[in-house]
Every structure is written in structure tokens, then in C-alpha cells.
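The values are calculated or read from the model by the stated rules, or taken from the named source; none is laboratory data. Predicted, not measured: the structure shown is a model, and the values here were computed from it. Positions of Cβ are backbone-derived with ideal geometry, glycine not excepted, and every protein chain shown enters the neighbour counts.
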Amino acid sequence: MSSVKKVWNSFCREIEKLNSDTATIEELFTAITRWLSNNKKSFPEDIWSIYKLDFYTELDVREYYLGVSEDSVSLLIERLRKITPHSVDRVAMIVRDVLWDCSTFKTHIQCPNCKDDDLRIMVNEIDNKIVLACDICLWAQFEDGKQVRGQKKLRPAKKFEIDVCPVRTSHR
Ligand SMILES: [Zn+2]
């Protein structure tokens with residue numbers, strides 16, 4: 001068996017341990033990050049760092065509003081099981097995308113630039129300002145709608161940052 005197949009099978013076995021009908025997003029997130037930590041050696045160091053996987057394995061789930069774009073955790077698990085990645089790089093990307101989707105808070109504000117997705121509440125680590133950003137076209141704006149120009153280093157906003165954010169709308 002190729003190494004990518006081994007890695008992916010091991011990932012799928014881990015998420016299949018969850019009861020997909022009752023599993024919460026916290027349980028899914030924790031299962032994935034635990035699997036990542038236990039399988040760090042399966043990923044080349046540069047891949048691990050490009051996808052900032054340490055950020056997720058060190059993340060405290062209590063500090064974030066976790067959510068998924070899919071209708072339910074079971075649909076997400078079902079979709080993941082159907083994927084056949086052809087490289088370890090791709091595995092890292094798929095796993096990162098799921099963890100990113102879970103840990104970022106999605107508003108009901110449509111991206112004014114591409115209109116293809118709703119904006120997510122992020123924090124620009126350079127100046128600690130709240131930024132609303134689009135995953136699809138990378139548009140970023142301040143809460144008043146003005147476009148963010150210049151350097152950005154975005155991370156998902158934490159509960160305490162979102163709670164004081166006026167644009168916060170009902171949680172997805
Ligand atoms: Zn957009």
C-alpha cells in the first residue's frame with residue numbers, strides 16, 4: 001500500500017470511530033487534531049508548516065465557536081470518506097480545510113467581491129483588528145465594509161473577540 005493510502009486510511013479509521021449520527025463538531029475536531037498529533041511523522045516538515053498544522057493541534061476548542069459549512073457532522077464525515085487523495089500534501093490540505101472550516105466563524109454577510117461565500121470573522125495578527133474575510137476570493141474588509149489593504153496575517157477569531165463584534169449574526 002502506498003504511503004498516502006496508508007495515511008488516508010488511518011485518518012478515515014479515526015473519524016469512523018465517531019458515531020456520525022450523534023458526533024458533535026467538538027468531537028470531530030478533537031478526533032482529527034488528535035489523529036494529526038499522533039501522525040505528525042507521516043507529513044514532511046515543510047508540508048506541516050505550510051498548512052500551519054501546529055495551530056490546530058495546539059488549539060483549545062473551548063476558546064472557539066466551532067461550526068461546519070456542511071449541513072451536519074455526519075454529512076461532512078460521509079463526504080470525507082469518499083475522497084481519495086493522491087498525495088500526502090493533499091491529505092494535509094484536506095485535513096487543514098476541515099479544521100479551518102470548523103474553527104472559523106462564518107457570518108451571514110455575503111462577500112461583496114465574489115458573492116460566492118459568506119465572510120468569516122478573522123483577526124489580523126499584525127494589528128489585532130477584526131477583519132471579515134472571504135475564503136473563495138481572499139477579499140478582506142473591516143467591520144464597516146472598507147477593504148483591508150496592506151499586510152495581513154489572519155487567524156480565526158476566538159469567542160471573546162466575536163462576542164464583542166457588532167457584525168456577529170446568528171451562528172450558522
Ligand atoms: Zn469573495
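Can you tell me which residues in the range 138-158 are under 20 Å from the mean Cα position of the chain (by Cα), exposed (fewer than 13 other Cβ atoms within 10 Å of the Cβ) and either at pLDDT 95 or above or of a type in the set (A, V, I, L, M, F, W, C) (or both)?
Leu138
Given the conditions (1) away from the ligand (no atom under 16 Å from the Cβ); (2) assigned to a loop (DSSP other than H, G, I, E, B), which single one is not true for Asp116?
(1)
Sort through Ser3, Ser10 and tell me the only one that's more than 25 Å from Arg155 (Cβ to Cβ), among the hydroxyl-bearing types (Ser, Thr, Tyr) and at pLDDT below 95.
Checking each option against the conditions leaves just Ser3.
Could you please let me know if Ser74 is within 30 Å of Gln147 (Cα to Cα), part of a helix (DSSP H, G or I) and of a type in the set (Gly, Ala, Ser)?
Answer is no for this residue.
Given the range 1-68, what helices (runs of 4 or more DSSP H) lie entirely inside it while holding 2 or more residues that are among the hydroxyl-bearing types (Ser, Thr, Tyr)?
By residue number, 3-16, 25-38, 53-57.
Among the residues of the range 4-26, write down those that are exposed (fewer than 15 other Cβ atoms within 10 Å of the Cβ) and under 17 Å from the mean Cα position of the chain (by Cα).
Within the range 4-26, Thr24, Glu26 qualify.
(1) buried (at least 16 other Cβ atoms within 10 Å of the Cβ); (2) over 29 Å from Ser20 (Cα atoms); (3) more than 16 Å from the ligand (Cβ to nearest atom): which one isn't true of Val73, the others all being true?
Val73 satisfies every listed condition except (2).
Within the range 86-101, does at least one residue satisfy the condition of being assigned to a strand (DSSP E or B) and more than 13 Å from the ligand (Cβ to nearest atom)?
no
Thr107 passes all but one of (1) within 16 Å of the ligand (Cβ to nearest atom); (2) modelled with pLDDT under 95; (3) surrounded by 15 or more Cβ atoms within 10 Å (Cβ to Cβ); (4) not in a strand (DSSP E or B); which number fails?
The single condition Thr107 does not satisfy is (4).
Please verify whether the range 119-130 includes one or more residues that are more than 9 Å from the ligand (Cβ to nearest atom), under 20 Å from Glu70 (Cβ atoms) and buried (at least 16 other Cβ atoms within 10 Å of the Cβ).
Yes, there is a match, as at least one residue in the range 119-130 is more than 9 Å from the ligand (Cβ to nearest atom), under 20 Å from Glu70 (Cβ atoms) and buried (at least 16 other Cβ atoms within 10 Å of the Cβ).
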